[in-house]
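Down below is the structure, laid out as structure tokens.
The values are calculated or read from the model by the stated rules, or taken from the named source; none is laboratory data. Computed from a prediction, not measured in an experiment: that's the story for all the values here. Positions of Cβ are backbone-derived with ideal geometry, glycine not excepted, and every protein chain shown enters the neighbour counts. SASA here: full protein model, heavy atoms, side chains in, ligands and nucleic acids out. Shrake-Rupley method; radii C 1.70, N 1.55, O 1.52, S 1.80 Å.
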Amino acid sequence: MQSFISAKNLSKSYGDTLALDDVSFQVYPNEIVGFIGPDGSGKSTLFQILTTLLIPDSGSATIAGFDTGRDFPKIRSSIGYMPGRFSLYPDLSVEENLRFFANIFGSSIEENYEMIKGVYTLLAPFAKRKAGALSGGMKQKLALCCALIHKPLVLFLDEPTTGVDAVSRTEFWDNLVQIRDGGIPIVVSTPYMDEATRCDRVAMIYGGKIMQMDTPEYIIANYQGSLLAIRTQERYLAKQLLSQIKGIDSVFTFGDAIHISLPERTEPIIDEIDAVLQRELSSTYSITEILPNFEDCFLQFMRQKSHE
Amino acid sequence: MKNLMVFVRKEMLHILRDPKSLLIMILLPLVEILLFGFVLRFEINSANIAVYDMAKQTKSIQLVQRLEGGKRFQVIVANSMPEAEAMLLSGEVKAILTIGADFDQKAVAKMESPLQLLLDASDPNLASTLNTYLSATINDFWTENYPQNHLPIITELSQNGDPTPTSPSRHLATSLTIEPMLYYNPLLKSVYATIPGLISVVLMLICALMTSISLTREKETGTMNVLLISPLNPLQIIIGKLLPYLLVSMLNVAIILTLAFTVFGMPLAGSFTMLILVSLLYCLCALALGFLISTKAKTQQLAMMVSLAGLMLPTTLLSGMIYPIQNMPTWLQNITLAIPARWYVSILKHIMIKGSPIAAYGMDIFVLIFITGIIIALSLKSFKIRFR
Amino acid sequence: MNDAIISANKLTRIFGNFTAVDGISFEVYKGEVFGFLGANGAGKTTAMRILCGLLSPSSGSASVCGYDVYRQSEQIKMNIGYMSQRFSLFDDLSVWDNISFYAGIYQMTSAQIKQAGTKILHELELDTYKRRLVGSLPLGWKQKLAFAIAIIHRPQLVFLDEPTGGVDPITRRAFWDMIYQAAAEGITVFVTTHYLDEAEYCDRISIMVKGKIGALGTPKELKAAYHTDSIYNVILSLARGDES
């Protein structure tokens, strides 16, 4: 398949800090590609380059065949961009914001209403309300409408869900899936690992590098080693005990459980864990073998990277 | 063009949505003009002068009476020179007029120094104004009584109220030297000189502040990024920002001019249309300067600081509003050439006070257009369409 | 052990015709890690501001560390620590300057500041970064430093407002280790977060929905009450229930 976005060997540094380190990837039509990584991992720099706001030190990128450096006016008039802090005019109403962003692209709300219909129905009752008076989730929806209203060829969403509550986040991802099904590829960045599974493909980005880029299913299926979950009321103590045991790759707390990564599933080490917990913990506990989630995978890649 | 109107409409909404800021933008110049207009007067409404009349003859008593009748100063009669000097030293009076013992005789005989004026020059503005007033009053008196005679007055300027000058520079101060100034401003009203300067300062600050803040606000909220990633080009953004604020500025111009004409009794000797056109040009220049500031400043706070501090001083000090440009050292005079307010003040004086024909200030207008053009070009150049 | 360090009774705050906090009553016990959850605009921030002594309630009552939120906000401020993701440290000051500034606010002596500050640097392995500007540190380090500084004066209670936003998963866990350590040392922790796995780390959580407390209990109790195995589903049913 012909790629829609193509980035080759992008690098960018600020002073001594290498923000983006030789990043290459492709985005195909009709997919949601997620860049997942913590703050400072290079996501924003990458988005600024793709949206033509920044020229990389080396490497190049094209969107729909246009070069992000040379052909920036063409790209600017055909992409939709939603920056991290929903950049709206707080003193303008919902409708006025939307109209402005439609009009500067020479379009109108009426002309492209189909584009935003799914998202906007929830916002419509607040059309006259000032954008500044909306809740976080509503602002996020409005910002998405503003990025969509001129019928862009591709959407760039830079951390659209940061600081938004869990329920709004789920709704937002439902919207993104609809938009993709409508034929607009989406490039999205997020620090929330649990959103990875909503993407068609994800790139794990850390320290300016893409550690791995593939479908979330593939990444999870290729988790190296075996994973155990331990549930106990004495989590803090258990975690300290487990960290002492040799032959364990990592011990991380995960919600109500502790995840232990083993290089491979062997009975002796499981017995040893059982013995230690049996001896030291005063309450009941459980040990179960589990399938990794995306965050387990990210943690594994981070650990591998820091060991390099 | 459609894009531009969309942008202008958005800016107008911003302005109307924030009535508090709009009110400040309109009230601030009003208050400033009123305050400065009343405080920054170089004329004297009530300065005391001591008169030591050694002659006490018919004519000298008439002269003292004439001075006492003047509205601008109070006359205190001193009975000896030491008494008068003590008053000068204590600051009670700002000048001593000594009338020679043989005032009548010498005057008739056209002989020298029947009058001596001693001025406290610790406040040079006050001293020179007093000198002018007194000379004018005495001049009037003289021409009425001795139409043929030339008036000799000896003026001494003393520092810090010290009545014995270190170098007694005695000279003949004739009314002739003052005449050109009296020509346009016969009442010596200093508001005539200060108001054009004030208008230029207030417009400069308000205009530059408005654009620089509105643009840096877009940077702070992040909307600037979205604007950049849109088909809008920098020129559209600049014009879109300037046009609405130009309207607000013209509202300010209207208020300020109304104040100038009504409260301060400024004349309008020349064309009203020219006055408005030139003010429009000057506002555009100031707005563009604000835009230039905001292309460099990252935050609203910084933009405000630079607009206020960075423009206030040069505009007040180098526009000729307070200190005459011809008294400045040459290098400083050269700097004033780049100060838009200098040209605007000069044009205002031509139009409002002198009523000169356009030819007299055509050059000034040209320079102002030139400066505005350069500022807009610089803004366009430094308006970053990308990050670094 | 069940002494209340925060007790709120019908606490209400009204802005104009909008009731941000609507008669909430709850207690936070000494030494526990209390998670304060809720959607944006549910009233979390307002409630937290009242409890920190920054905002007066419209009605109801609350005491924090034994002090009344109406009259004794100064005493409250001396006895609590506060850290937020949005504002925590001064980027243009060095690590040490930030430490001594915040310690100074709480009227610690120079000797105390030196001792406590050195301990922080040592624990966070920041010894060689003492003179480094905070702005040049990676986000994760900054957040950890901000937390350490928020409890430098050994407050009875610390408020953490979304302390781990945007932080990488390893640092996020290291941060929670610090929280547990502080709790073990007797500091009560009151924390808001959008990461629902972090809600599980809390001893008890409350979930605010439209100004009211929709649910309160241990994560286990809540999951049992809503017949689900995840806090997310608890929040979802609360939000849905509210809509119907």
Hey, can you rank C:139-150, A:116-127 by average C-beta count inside 10 Å, highest first?
-> C:139-150, A:116-127
Heavy-atom SASA rank of B:SER307, A:SER60 (probe 1.4 Å, accessible area, largest first) | A:SER60, B:SER307
Give me the Debye-computed log₁₀ of I(q)/I(0) at q = 0.12 Å⁻¹ for chain C, equal point scatterers on Cα only, no solvent, two decimals.
-> -0.70
Partners for C:LYS212 among lysines (Cα-Cα distance below 16 Å; same-chain residues under 8 apart left out) | C:LYS10, C:LYS44
Calculate the dipole size of the protein assembly as shown relative to its Cα centre from +1 charges on Lys and Arg beta carbons and -1 charges on Asp and Glu beta carbons; express the result in debye to the nearest 20.
-> 2100 debye
Relative contact order (%) - criterion: Cα under 8 Å, at least six apart; region: the stretch A:224-291 | 48 percent
With label points built 7 Å along Cα→Cβ from the Cα atoms of B:GLN74 and B:PHE387, find their separation and express it in nm.
-> 6.8 nm
Express the Stokes-Einstein translational diffusion coefficient of chain A in µm² s⁻¹, to the nearest whole number, given a Kirkwood radius over alpha-carbon pairs, 20 °C and a viscosity of 1.002 mPa s.
-> 100 µm²/s
Mind ordering C:91-102, A:33-44 by average Cβ neighbours within 10 Å, highest first?
-> A:33-44, C:91-102
Set Lys and Arg Cβ to +1 and Asp and Glu Cβ to -1, take the dipole of chain A about its Cα centre, and tell me which of A:PHE254, A:GLN304, A:SER6 lies farthest positive.
-> A:SER6
Answer with one residue from C:GLN75, C:VAL158, A:VAL187: the one whose Cα lies farthest towards the positive end of the charge dipole of the protein assembly as shown, charges on Cβ with Lys, Arg +1 and Asp, Glu -1.
-> A:VAL187
Starting from the alpha-carbon convex hull of the protein assembly as shown, give the projected area averaged over all orientations, in nm².
-> 50.8 nm²
Please work out the average accessible area per residue across chain A, using the 1.4 Å probe convention, and give it in Å².
-> 40 Å²
Which value, in Å² and to the nearest 10, is the accessible area of A:ASP158 when all protein chains are kept and the probe is 1.4 Å?
-> 10 Å²
Taking amide hydrogens as modeled 1.01 Å from N in the peptide plane, which residues meet the under 5 Å criterion relative to B:ASN48, leaving out close sequence neighbours?
-> B:GLN74, B:LYS94
Nearest-ten-degree value, helix A:136-148 long axis tilted from longest Cα axis of chain A = 50 degrees
Would you kindly derive the ³J(HN,Hα) couplings of the stretch A:29-37 from the backbone phi angles with the Karplus curve 6.51 cos²θ - 1.76 cosθ + 1.60 (θ = phi - 60°), listing them in order in whole Hz, with x for Gly and Pro?
-> x, 6, 9, 9, 10, x, 9, 10, x
Number of partner chain Cβ atoms within 10 Å, mean per residue of A:96-105 = 5
Across peptide C:174-180, how many C-beta atoms of other chains are within 10 Å of each residue C-beta, on average?
-> 2
Under a straight-distance cross-link criterion of Cα-Cα below 29 Å, which lysines are reachable from B:LYS349, leaving out those fewer than 8 residues away in the same chain?
-> B:LYS71, B:LYS189
Distance in nm between B:ALA359 and C:ALA225 label points, each 7 Å along Cα→Cβ, equals 9.3 nm
With Cβ to Cβ distances under 13 Å as the rule, what net charge do the other residues near B:LEU302 carry (K, R +1; D, E -1)?
-> +3
Cα centroid separation, the stretch A:87-130 to the stretch B:62-106 (Å) = 79 Å
The stretch A:224-291, Kirkwood Rh and Cα Rg, ratio Rg/Rh at 0.91
How far, in degrees from 0 to 90, does helix C:95-105 lean away from the longest principal axis of the Cα atoms of chain C, to the nearest 10?
-> 60 degrees
What FRET efficiency, computed as 1/(1 + (r/R0)^6) with R0 = 41 Å and r the Cβ-Cβ distance, is obtained for A:VAL177 and C:ASP177, rounded to the nearest 0.05?
-> 0.65
Can you tell me the dipole magnitude for the stretch A:5-220 around its Cα centre, using point charges on the Cβ only (Lys, Arg +1; Asp, Glu -1), in Debye to the nearest 20?
-> 480 debye
Relative to the longest principal axis of chain A, what angle (0 to 90°, nearest 10) does the C-alpha long axis of helix A:267-280 take?
-> 80 degrees
With a 1.4 angstrom probe the carbon and sulfur portion of accessible area for the protein assembly as shown, in percent, totals 57 percent
Calculated from backbone phi, Karplus (6.51, -1.76, 1.60) coupling profile of the stretch B:330-337 in Hz, x at Gly/Pro | 4, 4, 6, 4, 5, 5, 4, 4
Output row A,B: buried area (accessible, probe 1.4 Å, summed both chains) in Å², nearest hundred, equals 2600 Å²
Which value, in debye to the nearest 20, describes the size of the charge dipole of the stretch B:190-386 about its Cα centre when Lys and Arg Cβ atoms bear +1, Asp and Glu Cβ atoms bear -1, and nothing else is charged?
-> 400 debye
Counting other chain Cβ atoms within 10 Å of each Cβ in C:159-172 and taking the mean gives 5
Each residue of the stretch C:5-19 in turn: what ³J(HN,Hα) in whole Hz from Karplus with 6.51, -1.76, 1.60 and θ = phi - 60°, glycine and Pro shown as x?
-> 9, 10, 9, 10, 10, 6, 5, 9, 9, 10, 10, x, 9, 10, 8
Which distance in Å, rounded to a whole number, links the C-alpha centroids of the stretch B:217-234 and the stretch A:39-74?
-> 17 Å
Compute the convex hull volume of the Cα atoms of the stretch B:190-386, divide it by the residue count, and report the result per residue in Å³ as a whole number.
-> 117 Å³
